[in-house]
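**Q** One structure, as structure tokens, below. Some questions next.
The values are calculated or read from the model by the stated rules, or taken from the named source; none is laboratory data. None of the values given here were measured: they were computed from a predicted structure. Cβ placement follows ideal geometry from the backbone for every residue including glycine, while neighbour counts extend to all protein chains displayed. Note: areas computed on protein heavy atoms with side chains; ligands, DNA, RNA excluded. Shrake-Rupley method; radii C 1.70, N 1.55, O 1.52, S 1.80 Å.
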Amino acid sequence: MHYRFLLLVILSGSLFGQQRLEGYVYSAKDSTVLEAASIYFDGTTVGTITNKNGHYSIPVQEGITSPLVITMMGYAPVYLNKFANGAMPPVYLSEKTETLDQVFLETDPWSRQRKLDVFRTQFLGNSPEAQKCRILNEDALGLHYSPSKLKLSAWANEPLIIENKHLGYTIRYTLTDFYVAYDKGRSIQYPIMNMVYYEGFSFFQELKEKTRRKYLKNREDSYNGSVLHFMRALAQKQLHENNFRIFYKKFETPPYLHFEFRKILDRTYVKLDVETLSILYDNAEQSSLKAKETFVIDAFGNHSPPSAVIMSGAMSYRRFAFTLPLDYKLQPQ
């Protein structure tokens with residue numbers, strides 16, 4: 001039996017509140033101010049741009065762990081992970097140098113169209129909802145299939161611009177890693193997919209100035225039973241209240257029997273004492289959870305490190321077409 005696993009990662013943390021970060025953005029080449037540089041907290045709708053003086057001001061919650069992304073077209077992005085509320089040190093962006101595609105030592109037997117079709121399906125999804133999503137700058141994607149490694153890799157030299165007409169967002173997604181791992185199939189030409197992994201930095205903006213009712217309904221449906229929903233319920237010890245049931249070796253168990261919890265401020269440290277648990281949402285959607293090490297759930301419901309957790313089943317099949325910003329339900333709709 002072959003299993004399909006997805007580990008979808010948006011490297012983020014918690015940020016909602018009234019405190020602010022303020023600073024300036026300059027060019028590393030000549031120290032001139034950079035106007036209209038984008039500053040946002042990864043995976044959220046919280047962002048701003050610099051003014052004509054290169055100055056920015058952005059709301060932040062104390063204890064935030066989400067990377068602050070500072071980027072501008074033609075410049076290499078900067079990611080800040082450690083900061084305190086208030087004034088920030090100046091940020092200097094370096095101009096990008098033209099990069100060549102990766103060099104591979106073996107011939108790629110797959111056409112670009114075939115690789116692009118796989119990327120769309122495994123990144124956006126293969127559902128009616130995914131058909132309402134478009135990557136507006138697919139030409140920025142580099143793709144390569146390695147027959148010796150049975151692995152399809154993808155990369156991009158600029159943020160992918162994704163238009164999601166199902167949830168009503170435009171997303172700037174900086175792809176930091178993507179691959180599809182295969183097992184040998186009936187033939188070399190048709191391997192069997194084993195695992196999909198991708199991660200990156202993202203910023204969500206409303207697709208329309210006024211959010212339509214259908215978007216609100218679709219967002220609620222997407223949230224229910226999602227990884228984000230589960231992690232929030234787990235950290236708050238409200239699995240039962242949120243219609244999640246836990247099973248171990250086909251038998252239902254008390255929801256927190258196989259979890260060890262340690263709470264530090266707004267972060268919940270979680271450790272499993274078994275290899276795999278099954279999750280049943282609303283008596284209909286089945287998923288499974290593997291955790292190779294202790295992971296942390298922050299105030300958003302985002303878990304880290306991303307590689308510590310592998311989800312399979314219903315939660316893993318949703319793909320990016322169903323992905324919501326991490327501040328969903330934490331900000332007014």
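**Q** Taking the Cα centre as origin and putting +1 on Lys and Arg beta-carbons and -1 on Asp and Glu beta-carbons, what dipole magnitude results for the chain, to the nearest 20 debye?
**A** That gives a dipole near 840 debye.
**Q** Given H placed on each backbone N at 1.01 Å, which residues far from Ala28 in sequence or on other chains put an amide H within less than 5 Å of it?
**A** Counting only residues 5 or more places away or on other chains, the set is Leu93, Ser94, Glu95.
**Q** Rolling a 1.4 angstrom probe over the protein chains, ignoring ligands and nucleic acids, what is the accessible area of Ser278 in square angstrom, nearest 10?
**A** 40
**Q** To continue, here is another question. If you place +1 on the Cβ of every Lys and Arg, -1 on the Cβ of every Asp and Glu, and leave all else neutral, what size is the dipole of region 203-333 about its Cα centre, to the nearest 20 Debye? The partial results should precede the final answer.
**A** Working: 21 positive and 15 negative charges, 67 e Å.
That gives region 203-333 a dipole magnitude of about 320 debye.
**Q** For the chain, set up a Gaussian network in which alpha carbons nearer than 10 Å are linked by springs, and say which option among Asp42, Asp30, Asp221 fluctuates the most.
**A** Of Asp42, Asp30, Asp221, the Gaussian network model singles out Asp30 as fluctuating most.
**Q** Going toward the positive end of the dipole of the chain, with +1 on Lys and Arg Cβ and -1 on Asp and Glu Cβ, which of Ser127, Val78, Tyr40 do you reach last?
**A** Positive-most Cα among the choices belongs to Ser127.
**Q** So what does Lys329 come to for accessible area, using a 1.4 Å probe and Å² rounded to 10?
**A** Ignoring ligands and nucleic acids, Lys329 comes out at about 100 Å².
**Q** Same structure, new question: Once you keep just the Cα pairs under 8 angstrom separated by 6 or more residues, what percentage relative contact order results for region 138-195?
**A** After rounding, I find 27 percent.
**Q** Where the accessible area of the chain is counted over protein heavy atoms with a 1.4 Å probe, how much of it, in %, is carbon and sulfur?
**A** So the carbon and sulfur contribution to the accessible surface is 51 percent.
**Q** Another one. What is the sum of charges, Lys and Arg at +1 and Asp and Glu at -1, for the other residues whose Cβ falls under 14 Å from the Cβ of Lys149?
**A** Net of charged neighbours comes to -1.
**Q** Tell me, what ³J(HN,Hα) does each residue in region 134-139 have, in order and in whole Hz, if you take phi through Karplus 6.51 cos²θ - 1.76 cosθ + 1.60 with θ = phi - 60° and put x for Gly and Pro?
**A** Each residue's phi maps through the Karplus curve to give 9, 8, 6, 10, 4, 4 Hz.
**Q** By accessible area of protein heavy atoms, probe 1.4 Å, what ranking do Met73, Met231 get, highest first?
**A** I get Met73, Met231, largest accessible area first.
**Q** Can you list the HN-Hα couplings for region 173-180, worked out from phi with the Karplus curve (6.51, -1.76, 1.60; θ = phi - 60°), rounded to whole Hz and with x for Gly and Pro?
**A** 10, 8, 6, 9, 6, 7, 7, 10
**Q** So for Arg319, Arg20, Arg267, Arg262, what's the accessible-area order with a 1.4 Å probe, most first?
**A** From most accessible down to least: Arg262, Arg20, Arg267, Arg319.
**Q** Based on the Kirkwood radius over alpha-carbon pairs, what value in µm²/s does the Stokes-Einstein equation return for the translational diffusion coefficient of the chain at 25 °C and 0.890 mPa s?
**A** 115
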